[in-house]
């Protein structure tokens, strides 16, 4: 699966070797992989009897607080495993790759020609805002879509206080924005 002429995403086969796949096969395997992770109760626990709740820090004894800090990872108090964040980051990177492919290889046809570009932009901008706010994507992960992120920071799509805005090169975004006003 590609995202433009210069970027190709490979899938790891059962021997953990990178394999070039057409986009539809890559996306099918990715969807199965993500579904498998989400359905895995050791990664995404669903048994409410095994879940705890977090006490307000003002109501916790210092001893209990120091014990809880020894095993403090995102979701620890709710029964999520240590690798939960890493799995979520991998899931978000895979979804990002699909967006990159859609923009680079299918934006004009079908999205633009069917007047669906606003829907795609809305979904992707919300995805980026959420993924960056939750630390599920890093600046290096979004490089294939960097110019769009720059543009959205410059045109106000991303609020200045958002983490997505901090990923942007505002000067480059303003330059891209100026190209539209000169045509």
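A short reminder: the numbers here are calculations on the coordinates, not readings from a lab. Remember, predicted model here, so these are calculated numbers, not experimental data.
Rounded to the nearest 500, what is the 222 nm mean residue ellipticity of the chain from helices alone, with -39500 (n - 2.57) per DSSP H run of 4+ residues and division by all residues? Helix contribution divided over all residues of the chain: -16000 deg cm²/dmol.
The angle between the Cα long axis of helix 84-106 and the longest principal axis of the Cα atoms of the chain comes to about 10 degrees, rounded to the nearest 10. Which one, 16, 101, 113, has the greatest fluctuation when you compute a Gaussian network model over the chain with C-alpha springs under 10 angstrom? Per the Cα network of the chain with a 10 Å cutoff, 16 tops the list. Radius of gyration over Kirkwood radius for region 76-141, both on Cα atoms: the Rg/Rh ratio is 1.11. Overall shape: rounded for region 118-175, with the ratio a/c of the largest to smallest alpha carbon gyration tensor axis below 1.5. Helix 23-39 and the longest principal axis of the C-alpha atoms of the chain enclose an angle of approximately 20°.
Taking the longest Cα principal axis of the chain as reference, the axis of helix 117-133 is set at about 40 degrees. Within the listed set 86, 150, 72, the Gaussian network model of the chain (springs between alpha-carbon atoms below 10 Å) gives the highest mean-square fluctuation for 72.
Over all pairs of different C-alpha atoms in region 1-54, the reciprocal of the mean inverse distance, the Kirkwood hydrodynamic radius, equals 13.6 Å. Note on the chain: with a GNM built from Cα contacts shorter than 10 Å, the maximum mean-square fluctuation among 130, 46, 85 falls on 46. Taking a ≥ b ≥ c as the square roots of the eigenvalues of the alpha-carbon gyration tensor, the chain is classed oblate because a/c is 1.5 or more while a/b is no larger than b/c.
Under the shape rule built on the C-alpha gyration tensor, where the axes satisfy a ≥ b ≥ c, region 82-183 is oblate, since a/c reaches at least 1.5 while a/b does not exceed b/c.
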